[in-house]
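Novice: Input: one structure, supplied below.
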Amino acid sequence: MRGEVDHCLALQRQEGHVWDSVKKAAFILGSGLLVFAAFRNTLTWHLQWFWGASGDFWQSHWEKVHSFFGGKEWALFLLGTLVIPTLVFWLFNALLTMVDLTGKPRAVARYKIQIGKNQPLDPSRLHQAVATVLVNQFCLSLPMVVLMYPVMQWRGSPCGPELPTFHWVLLELSVFGLLEELLFYYSHRLFHHPTLYTRIHKKHHEWTAPIGVIALYAHPIEHVFSNMLPSMVGPILLGSHVATTMLWFCLALLVSTISHCGYHLPFLPSPEFHDFHHLKFNQCYGVLGVLDRLHGTDTVFRQTKAYERHTLLLSLTPLSESIPNSPKEK
C-alpha cells in the first residue's frame, strides 16, 4: 500500500514537472513572439513613413531585392543565411567587446553578472576566442550553409518571389524555438558526459565567466552538432523561405550572444540561466529552460539568487544591486 502511494506521488510530481514545462514554454515563446510582433509593426510603420511607401512594404522591397539578384538565388540564399547573420553577430559583439576591454561606458559595465570577472578582459584570451570563432564560421558554418541550399531547394523554393505571411512566420519561429530547445538540450547534455566533456566540450567551458563572442567558441564537433544543427533543422523540416531563415538565424545568434555576454541589461532577455551553467557546469543545459525543468537539471539554480534575478529587467537598477547574492553564494 505504501509503495502504491509513493508511486502515485511520484507520478503527480512528474505530471507537475511536465505541466510546469509546458507553461514555461508557452510563456517564453508567447512573450517573445508578442515583443517581436510589436517591434515588426512599429518598424514597418516608421519605414513606410520614411520612404513614403504604401501597400505591402516588405513584399514590395523583397521583390526589388529578388530582381536585383536575378537568377542567382544561391547568392541570395548565402546572403540571407550566412552573410547577414554573421554581420549581425559581429556588430553586436563589437559593442559588447568594447565594454569588456575598457569597462566603458560605465552605464553598461555596471550590469555585469559575475562582478570582477573579465574586468578588464585579457586581450590575449579574446584574440584566441575570436580566432576560434572565425575558423568555425568559415570552415564549418559556410560549408554547412552551402550544403543546406540544395536541401532547401528539394524542400521547395527557398528564395521565391513571394514572402510568407507574417502569421506563418510567427508559427515557424515557435516551431524553430521548440526544436532548438529539444536538440540543443540533449546534444549539450551529451557533451557533458565525462568522455566527451574532456575531449570536446571543455574548450567552451574554459570561460567560467562568459563573454558574448564565445557563443560560438567551441570544438569543431560541438559547433556542428550543438551550434549549427539545432538551428538548421527547423527551417529544413518546414521548407522555410530564406527571409524567415535569415530572421531565425539572426535571432538565434543574438539570443546566444546575450546568454553568454555576462551582462544582465535592461529590456533584453535574461542571461542569468546560461551564465549559471558556465559557473556551475552541471545545471541549466537548455535554451528556454523547459527541458531543464522537466528533467530536474535546474534544481540547484532555482535555489539561488541568480534564479530570482532570472527575469526581464524593466528598470535601470542592476539586479546585482537589488537582488545581491547571499553570503554563501559569494
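The values are calculated or read from the model by the stated rules, or taken from the named source; none is laboratory data. Predicted model, so just to flag it, every value in this text is computed and none were measured. Reconstructed Cβ throughout: ideal geometry from the backbone, glycine too, with neighbour counts over all protein chains shown. Protein only, heavy atoms only, side chains kept; ligands, DNA and RNA dropped before computing areas. Shrake-Rupley method; radii C 1.70, N 1.55, O 1.52, S 1.80 Å.
Novice: Mind checking which helices (runs of 4 or more DSSP H) fall wholly inside segment 212-312 and carry at least 2 residues that are within 30 Å of residue 163 (Cβ to Cβ)? First the steps, then the outcome.
Specialist: Working: elements: 229-238, 242-260, 272-280, 290-295, 305-309.
Filter on segment 212-312 gives 229-238, 242-260.
Novice: Here are the criteria: (1) under 23 Å from residue 76 (Cα atoms); (2) within 23 Å of the chain's Cα centre (by Cα); (3) open to solvent by 60 Å² or more (accessible area, probe 1.4 Å). Tell me which single one residue 155 does not satisfy.
Specialist: All conditions pass for residue 155, except number (2).
Novice: Further, regarding this structure: Does at least one position in segment 304-321 carry a residue that is touching an Asp or Glu at 6+ places or on another chain (Cβ under 7 Å), within 27 Å of residue 104 (Cα to Cα) and among the hydrophobic types (A, V, I, L, M, F, W, C)?
Specialist: So the first thing to find is which residues in segment 304-321 are touching an Asp or Glu at 6+ places or on another chain (Cβ under 7 Å), and the list is 304-306, 309-310.
Of the ones still in play, those that are also within 27 Å of residue 104 (Cα to Cα) are 305-306, 309-310.
From what's left, among the hydrophobic types (A, V, I, L, M, F, W, C): 306.
Within segment 304-321, one or more residues are touching an Asp or Glu at 6+ places or on another chain (Cβ under 7 Å), within 27 Å of residue 104 (Cα to Cα) and among the hydrophobic types (A, V, I, L, M, F, W, C).
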